Amino acid sequence: MCEKQQPKILRGIAHGAGPENNLDYVIVWTMVAIVLVTLFFSLKYLIKPKEKEANHIKRNHLIFE
């Protein structure tokens with residue numbers, strides 16, 4: 001019953017009726033794009049941070065005197 005109500009592209013993936021109109025697809029794809037951009041920049045700055053200065057605040061907390 002649920003699969004008959006789902007759009008062809010979401011059959012077997014989602015549960016329930018699925019998106020009602022094109023605006024629902026726009027909202028979902030916008031959220032997917034925001035999440036992917038956020039993930040990209042999170043990984044980018046985690047792997048290669050650009051704080052090279054000797055007086056950066058992170059270096060103040062890591063000095064044990």
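The values are calculated or read from the model by the stated rules, or taken from the named source; none is laboratory data. All values derive from a computational prediction rather than experimental measurement. All accessible areas refer to the heavy atoms of the entire protein, side chains included, with ligands and DNA or RNA removed. Shrake-Rupley method; radii C 1.70, N 1.55, O 1.52, S 1.80 Å.
Can you confirm whether the range 49-63 contains a residue that is modelled with pLDDT of 90 or more and under 23 Å from the mean Cα position of the chain (by Cα)? Reasoning before the result, please.
Of the range 49-63, the ones modelled with pLDDT of 90 or more are none.
No, the range 49-63 has no match at all.
Here is a list of conditions, (1) open to solvent by 100 Å² or more (accessible area, probe 1.4 Å); (2) among the β-branched types (Val, Ile, Thr); (3) modelled with pLDDT of 85 or more, and Ile13 meets all of them except one; can you say which number that is?
Checking Ile13 against (1) open to solvent by 100 Å² or more (accessible area, probe 1.4 Å); (2) among the β-branched types (Val, Ile, Thr); (3) modelled with pLDDT of 85 or more, the one that fails is (3).
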